[in-house]
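One structure is given here, and the rest of the page talks about it.
The values are calculated or read from the model by the stated rules, or taken from the named source; none is laboratory data. Note that the coordinates shown come from a computational prediction; the quantities given were computed from them, not determined experimentally. So basically every Cβ, Gly included, is an ideal-geometry build from the backbone, and we count neighbours across all protein chains shown. All accessible areas refer to the heavy atoms of the entire protein, side chains included, with ligands and DNA or RNA removed. Shrake-Rupley method; radii C 1.70, N 1.55, O 1.52, S 1.80 Å.
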Amino acid sequence: MSKAFLVLAVFLYLNPAQAQINQVVRGKITDAETKFPLIGATISLLGPDNTVAMGAITDADGNYRLESVPLGRQGFKVNYIGYKEKIVNNIVVTSAKEVIFNIELEETSMNLDEVVISTARDGEVQNEMATVSAREFTVDETMRYAGSRGDPARTASNFAGVQGADDSRNDIVIRGNSPQSVIWQVEGVIIPNPNHFAIPGTNGGPISIVNFKTLRNSDFYTGAFPAEFGNSTAGVFDLRLRNGNNQKHEFSGMFGLMGMEAFAEGPISKEKGSSYLVNYRYSTISLFLSMGIDVGTNSSPTYQDASFRFSFPQKNGAELALWGMGGLSYTEILISPQIEPVQELYGDSDRDQYFRSNVGITGITYSYPINKNTYWKTTLAASNQKINAHHDRIVGRDTLADGTFNPEGAVVTPLLDYTFSESKYTLSSSLYRKLAPGKVLKVGLMADLYGMRYHDSLRIENDGLWPNSHDWTVRWDANGKAVLAQYYMQYKHNFTDRLSANVGIHGTFYSLSNSLSPIEPRLGLRLALENNQSITLGGGLHTQIQSPYLYYYTDPALVASNGWEYNRGMGLSKSWHAVLGYNAMLGKNLRFKAETYYQHLFNIPVERDRESAFSLINSGSGFSRFFPLQLENTGTGHNYGIEFTLERFFDNNYFFMATASLYESKYRGSDGILRNTDFNGNYMFNILGTKEFKITKNAVMGIGPKLIYAGGRRHGIVDTAATEAAKEIIWKDEKRNELRFKDYFRTDLRITYVVNRPKVSHELAFDLVNLFGTRNILNIAWAPGINAGSDLAYSYQIGFLPVFYYKFDF
């Protein structure tokens with residue numbers, strides 16, 4: 001690290017010339033609902049004390065252009081007759097790239113010639129149909145928050161009600177719900193797990209394939225979300241992809257711990273306004289492992305990912321866009337060559353493991369503002385996720401007196417092999433119709449055609465004579481198809497500019513289990529009070545299918561050799577949400593927000609033929625699959641809590657955000673006993689901020705700390721006999737999740753230095769994760785040979801991890 005800081009010092013010394021550098025800010029201003037261009041709208045660059053420094057007016061296509069905008073964080077004000085005024089702050093202007101800033105305005109419900117009402121602030125969700133438990137997250141936030149590592153999921157873990165206290169993965173626990181209940185959506189399409197080294201049935205992983213440079217501001221929902229979102233009982237990441245610059249070619253490069261990457265965007269045809277945007281990244285972790293940097297694993301994972309978007313404007317404001325993203329990842333966790341006992345965070349200590357995961361999504365989107373009151377959008381997409389794993393068990397390895405292993409005599413023999421593949425073809429179409437000012441109807445449908453192939457074989461001991469006498473058993477051998485169909489209707493009515501209501505219904509049908517939920521009501525209310533205060537209320541019914549691979553599991557101990565897929569009839573999990581919120585602006589740049597909520601979960605799959613603590617409510621995290629017995633939808637659960645956020649928006653070169661979440665998350669298995677879920681941490685506190693220092697006229701240093709304190713992870717009593725037989729941790733039902741590890745605590749620090757030169761900018765960043773190397777317990781692991789006299793050991797979170805990168809734009 002001393003060498004790294006020496007590099008930083010040299011970088012500081014090479015300061016830029018003091019000449020004034022300016023940049024272009026341009027974009028398009030449209031109606032928020034119909035995306036119709038607003039001709040003659042005005043946009044103003046705000047100077048000190050919100051004075052107007054310069055301005056521009058949109059043309060016949062809604063386009064505007066501001067020349068000679070100073071570098072740094074800038075604020076803008078947008079006005080149009082009959083629409084609410086919009087103020088947007090903290091738009092980062094650098095020397096290397098033009099700022100393409102598209103703005104949507106909301107029409108006022110009052111029939112006056114001109115209405116001037118300030119409305120938008122940092123963090124406010126873009127979706128006008130959302131009233132509670134929703135937040136916009138920006139590209140700037142993704143790079144500004146300490147410990148986020150450029151990952152949208154880790155960025156979201158800073159928000160109230162969201163827990164991400166597993167350093168090895170970016171799983172998101174929202175209000176005590178399973179991470180599997182959170183969906184990722186792009187252009188109206190639900191996508192597969194967008195992470196490298198993904199495990200079936202999860203939506204998280206160690207490293208995201210989503211590149212923040214390809215995103216525009218997007219929305220994140222933590223409950224009671226609008227009717228347009230389905231197949232989720234917890235939360236939604238609604239990602240929006242941006243277009244490339246259609247007038248100028250621009251490039252970026254980056255090198256750091258998480259990989260080296262190249263990025264390019266520019267015009268395909270300047271005359272037609274078409275553009276391209278492409279990005280590619282390749283892993284560099286193996287290089288830094290050789291330098292002695294601890295990343296939580298002794299393996300050398302390799303991965304690569306790419307994303308693209310090609311935009312082709314059509315007549316009358318329509319657009320055709322081709323987009324996609326994907327990633328390839330592979331790792332070998334080799335224990336057999338190790339002489340000393342090794343506890344591997346990402347694997348087991350009694351076997352060699354080979355793991356590969358591939359994911360890809362591509363789609364074509366057509367959007368068309370038919371007229372000033374109607375907007376149509378349709379997406380066709382295809383995706384595939386394929387996961388392959390092979391395990392070789394190590395037996396016959398002797399332990400010497402000094403605790404090291406004698407590799408002579410050890411036998412490595414095949415233990416496990418599986419290949420899971422899920423393909424999906426999707427049609428998503430929606431129609432907006434503005435019936436009158438402040439009255440908007442949106443209808444849509446989504447249809448997914450799944451193609452699934454699951455093959456899994458496990459070698460089991462026979463009479464304890466391993467490996468000389470053994471058998472193979474097949475747990476999955478399935479090829480199937482299924483259709484998931486959804487529809488929705490939602491209506492927004494602004495009674496006044498202070499009182500609005502959103503009502504809607506959603507419907508779901510899943511052909512594999514013949515499950516139908518025809519009417520899922522949704523409701524949202526918002527009342528604006530005096531002195532920049534508001535009260536919000538939201539609620540609704542939400543449903544979700546189970547992880548597809550679970551429908552096809554076959555336990556060889558229960559069924560004949562022909563394979564009976566006894567869980568094909570699992571129905572939808574369901575959850576009622578109710579949320580009450582309060583928002584207040586305590587000053588020009590200081591906001592307070594509080595929400596309290598209750599969720600009733602039901603129709604949760606639990607074991608059918610015996611009373612037990614098992615429930616799929618606890619699935620969806622970690623690096624293990626589930627192997628359920630016969631299940632039925634009779635389990636229940638509930639989550640309730642209260643959340644607070646105090647946030648100071650970036651102004652006068654600093655910002656901060658403090659959140660507090662207090663919650664309970666309980667469930668009942670088939671034995672009817674009320675227990676803590678695996679995700680019931682009870683409390684979570686975050687505080688983070690950044691202070692920027694102007695080193696020279698065109699160079700800025702930022703320092704941003706973060707503190708996390710959360711309730712310790714739940715656990716129970718290990719069933720040692722069953723664990724020994726299964727070679728993985730098996731918990732007893734008795735006292736399940738009544739015990740907990742010590743509380744989780746972590747300190748992160750982010751240091752950045754940005755230099756703007758004419759036509760090129762440089763950024764050097766250090767994201768120092770777990771700055772003090774706090775030993776946080778992750779779980780109890782099956783780890784033969786790690787502890788004398790026991791095959792069990794604590795597995796710990798990642799220690800101090802210096803994530804760093806150098807980025808340049810030109």
Projected onto the charge dipole of the chain (unit charges on the beta-carbon of Lys, Arg, Asp and Glu, signs +1, +1, -1, -1), the Cα from Y654, N203, Y346 with the largest positive-side position is that of Y654
For the chain, the dipole about the Cα centre with charges only on Cβ (Lys and Arg +1, Asp and Glu -1), to the nearest 20 debye, works out at 2300
Zone reached by a paramagnetic label modelled 7 Å from K481 Cα along Cα→Cβ, restricted to segment 506-532 with backbone N below 20 Å, covers 509-515
Over segment 489-621, with neighbouring protein chains present, the accessible area per residue in Å² at probe 1.4 Å is 42
Cα extents of segment 100-255 along the principal axes, largest first, in whole Å, come to 56, 42, 28
1/(1 + (r/R0)^6) with r = Cβ-Cβ of A594 and A501, R0 = 22 Å, i.e. FRET efficiency to nearest 0.05, evaluates to 0.55
One finds, for F312 and R453 with R0 = 30 angstrom and r their Cβ-Cβ distance, a FRET efficiency to the nearest 0.05 of 0.30
Under 18 Å by backbone N from the virtual spin label 7 Å along Cα-to-Cβ at N779, the residues of segment 522-560 are 547, 550
Rg (one decimal) and Dmax (whole number) from the Cα set of segment 569-713, in Å, equal 21.3, 72
Rounded to whole Å², per residue accessible area for segment 217-273 with a 1.4 Å probe reads 29
Stretched fully, the stretch from L320 through K248 gains (0.36 nm per residue minus C-alpha distance, one decimal, in nm) 23.9 nm
Length gained if L707 through Y654 is fully extended, taking 0.36 nm per residue and subtracting the Cα-Cα distance, is 17.4 nm
Taking N as the number of residues in segment 656-744, the ratio of its alpha carbon radius of gyration to 2.2 N^0.38 Å works out to 1.74
Normalised Cα Rg of segment 318-454, dividing by 2.2 N^0.38 Å with N its residue count, works out at 1.81
The local net charge around N203, scoring Lys/Arg +1 and Asp/Glu -1 for residues other than N203 whose Cβ lies under 15 Å from its Cβ, equals -1
Total charge of the residues flanking G504 in space, meaning their Cβ is under 13 Å from its Cβ, with Lys and Arg +1 and Asp and Glu -1, is 0
Rounded to the nearest whole number, the per residue volume of the convex hull around the C-alpha atoms of the chain in Å³ is 147
Segment 31-45 and segment 68-96 have their Cα centres apart by a whole-number Å value of 13
With only helices counted (DSSP H, runs n ≥ 4, each -39500 (n - 2.57)), the per-residue ellipticity at 222 nm for the chain, to the nearest 500, works out to -1000 deg cm²/dmol
The FRET efficiency for S269 and V24, from their Cβ-Cβ distance with R0 = 22 Å and rounded to 0.05, is 0.65
Charge tally for neighbours of W376 with beta carbon under 15 Å away, counting Lys, Arg as +1 and Asp, Glu as -1, is +2
Taking a crude spin-label model, label points 7 Å out from Cα along the C-beta direction, the I730 to R568 distance in nm is 2.8
Expressed in nanometres to one decimal, the distance between label points 7 Å along Cα→Cβ at A382 and A410 is 4.5
Taking Cα pairs closer than 8 Å and at least 6 residues apart, the relative contact order of segment 569-647 in percent is 38
Probe 1.4 Å, heavy atoms of protein chains only: per residue, the accessible area of segment 679-750 in Å² is 45
Output ordering of 714-724, 605-615 (per-residue mean of other Cβ within 10 Å, highest first) is 605-615, 714-724
Computed over the chain, the relative contact order (Cα-Cα under 8 Å, seq sep at least six) in percent reads 11
Binned at 10 Å starting from 0, the alpha-carbon pair-distance distribution of segment 166-250 in whole percents comes out as 16, 46, 28, 8, 2
Sorted by chain and then number, the residues having a modelled amide H within less than 5 Å of the amide H of S300, at least 5 places away or on another chain, are E332
Note to self: C-alpha centroids of segment 426-441 and segment 683-726 sit apart, in Å, by 40
With Cα coordinates, the longest principal axis of the chain makes an angle with the long axis of helix 2-13, in degrees rounded to 10, of 10
Of the accessible area of the chain, computed with a 1.4 Å probe and all protein chains kept, carbon and sulfur make up a percent value of 57
Two pseudo-spin positions, 7 Å from Cα along C-beta at D555 and at R216, lie apart in nanometres by 5.1
Given Cβ charges of +1 for Lys and Arg and -1 for Asp and Glu, the option among P414, Y709, V278 whose Cα lies farthest towards the positive end of the dipole of the chain is V278
Percent of all Cα-Cα pairs per 5 Å bin for segment 17-102, counting from 0 up to the last occupied bin, reads 3, 14, 26, 25, 17, 10, 3, 1, 1, 0
If unit charges are put on Cβ atoms (+1 for Lys and Arg, -1 for Asp and Glu) and the dipole of the chain is taken about its Cα centre, the option from F101, S148, L523 lying farthest towards the positive end turns out to be F101
Taking every DSSP bridge whose two residues both lie in the chain, the antiparallel percent to the nearest 5 is 95
Burial-style ranking of 799-805, 738-744, 267-273, 48-54, average other-beta-carbon count within 10 Å with highest first, yields 799-805, 738-744, 267-273, 48-54
Computed curve, segment 373-456, Cα-only Debye sum without solvent term, log₁₀ I(q)/I(0) at 0.12, 0.18, 0.20, 0.27 Å⁻¹, is -0.65, -0.87, -0.93, -1.16
One would report the Cα pair-distance distribution of segment 215-307, bin width 5 Å, in %, as 3, 11, 14, 12, 12, 12, 15, 13, 5, 2, 0
